[in-house]
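One structure is given below, encoded as structure tokens.
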Amino acid sequence: MSDRSPLLPAPPAPVGFGQALRFWLKLGFISFGGPAGQIAIMHTELVERRRWISERRFLHALNYCMLLPGPEAQQLATYIGWLMHRTAGGLVAGALFVLPSLVILIGLSWLYLAFGTVPAVAGLFYGLKPAVTALVVHAAHRIGTRALKNGWLWGIAAAAFVALFALDAPFPLIVLGAALIGHVGGRYAPQVFAPGGGHGAAKAGNGPARIDDDTPTPPHARFSRRRLVRVLVVGIGLWGAAMAGLALTSGVQGTLTQMGAFFTKAALLTFGGAYAVLPYVYQGAVEQHQWLTGAQMIDGLALGETTPGPLIMVVAFVGFVGGWTKQLFGPDALFLAGAAAACVVTFFTFLPSFVFILAGGPVIESTHGQLRFTAPLTAITAAVVGVILNLALFFAAHVLWPQGFGGRFDGVSALIAVGAGIALFRFKLGVMPLLALCAGLGLALTTAGLLQP
């Protein structure tokens, strides 16, 4: 006799690949709100409404993804798709999480470059820029309140800020230094780097799930040395083939080849989310390679905030502007050059995430919760707070002094930024309503002739 309560609904029917594909496609178009919003949407749809996976298994997958570099929401979708429908399920879930955003951003990037000097478009971006500055400050506060649990972690955050702001240290060096501190600190001061509580109490009463707490791990999700080697060989082989193809067609020093190499490194350093890696992207894309300007970088972040998908998709904008600016295929094929560059940087940014999930899932799951693995990540997360604060100051300087510190102070932008900050911190306004309000205000001021953006 079954011990299941008759009040609970029956387990959901088996989920077909086509049914899952339709859901992942829908998710790619509705995944607004940054990682927190995207994870909340998946929880509502997959745990509560569809019951494809239980609360505990969902959180277990999320904990694993948060240990990795890269966009955790996209990796979570890849993980669940892989768990349900093997490698093909993971590839479809992860790809559809990104592709709608890529297509939308290619279109918006073209509009930005082709019509960005039109007063109405310029007015929209005039309102968006101070809003983005407030969003970055809010991100630093949000991550800091969660990550900086003691004075030592505050010190790591402060040191990372000083290293970037005063010493102009490269972002990879900051990540490496923080990881080393966490590794040593985890051995000699484990209480400093011990992880905090979980993600909250598990919600009860959802009913049995297709992948429930006691559902055995499917064979394809169990660790196999042969499978690990096979996935690594395929992943590294794809990367090598793509890099070789770019080198043969555009040259080793060609723009597309440089983009492939640079965004591969960026993908491996995205601990702490997109805001954490943006300073590194700025150093390389703006200062080193000059694919775009600092002002364009801020505009790109504003566009990234308004589209579905992970915020790190701002790299597609960076690639599009770089391909367009460098006129990769000549002056008569600017859109094609921008679209090709956007696709290249997206491929190299997300390829490591797929490899991490498909190859490393069974390995890292077995080490989850062990301090010697989590302490370096705790220290890196603390350093990320300082990095994001430095990014906020950089954006504020470019928005409030658009001609440099020797130029005029933009009081209107300052008022919009302060208002956006109050809306975020005091009234908890969502990202999309905030951006819509600020963009509308910038457009209204421009249309009324009250400012020249």
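Couple of notes before you dig in:
- 5 angstrom amide H check on ALA169, placed H, neighbours 5+ away: LEU164
- Take the chain with all the other protein chains still there, run a 1.4 Å probe, and you get 45 Å² of accessible area per residue.
- Convex hull projection area averaged over all views, the range 352-434, Cα basis, nm²: 9.1
- Carbon + sulfur, % of accessible area of the chain - ligands and nucleic acids excluded, 1.4 Å: 67
- Kirkwood estimate for the range 314-368, i.e. one over the average of 1/r between Cα atoms, Å: 12.6
- Taking a quarter of the surface of the Cα convex hull of the range 117-270 gives a mean projected area of 17.6 nm².
- TRP154-PHE373 pseudo-label distance in nm [points 7 Å out on the Cα-to-Cβ vector]: 3.2
- Relative to the longest principal axis of the Cα atoms of the chain, helix 294-305 runs at roughly 40 degrees.
- Based on the Kirkwood approach, the hydrodynamic radius assigned to the range 104-154 is 13.5 Å, with every pair of different Cα atoms included.
- Assigned charges on the beta-carbon of Lys, Arg, Asp, Glu; the chain dipole about Cα centre (debye): 960
- Over the range 17-159, the hull volume per residue, using the convex hull of the C-alpha atoms, is 152 Å³.
- Crossing angle, helix 255-267 versus the chain [Cα axis fit, 0-90 degrees, rounded to tens]: 50
- Net charge contributed by nearby residues that have their C-beta within less than 13 Å of ILE312 (K/R +1, D/E -1): -2
- Spherically averaged projected area of the range 219-290 from its Cα convex hull (nm²): 6.4
- Helix 171-188 vs. the chain, principal-axis angle (Cα, 0 to 90°, nearest 10): 40
- Within the range 272-400, all pairs of alpha-carbon atoms sorted by distance into 5 Å bins from zero give the percentages 2, 10, 15, 19, 18, 14, 10, 7, 4, 1, 0, 0.
- Share of alpha-carbon pairs per 5 Å distance bin for the range 39-111, given as whole %: 3, 16, 23, 24, 16, 8, 6, 3, 1
- Kirkwood-Stokes translational diffusion coefficient of the chain, alpha-carbon pairs, 25 °C, 0.890 mPa s, µm²/s: 106
- A cut-off of 5 Å between modelled amide H atoms, ignoring neighbours fewer than 5 places along the same chain, links ILE211 with ILE53, SER54.
The values are calculated or read from the model by the stated rules, or taken from the named source; none is laboratory data. Just so it is clear, the structure is predicted and the values come from calculations on it, not from any experiment. Methodologically, a virtual Cβ is constructed for each residue, glycine included, from the backbone with ideal geometry; neighbour enumeration extends over all protein chains shown. We work out accessible area using only protein heavy atoms, side chains counted, and drop any ligands, DNA or RNA first. Shrake-Rupley method; radii C 1.70, N 1.55, O 1.52, S 1.80 Å.
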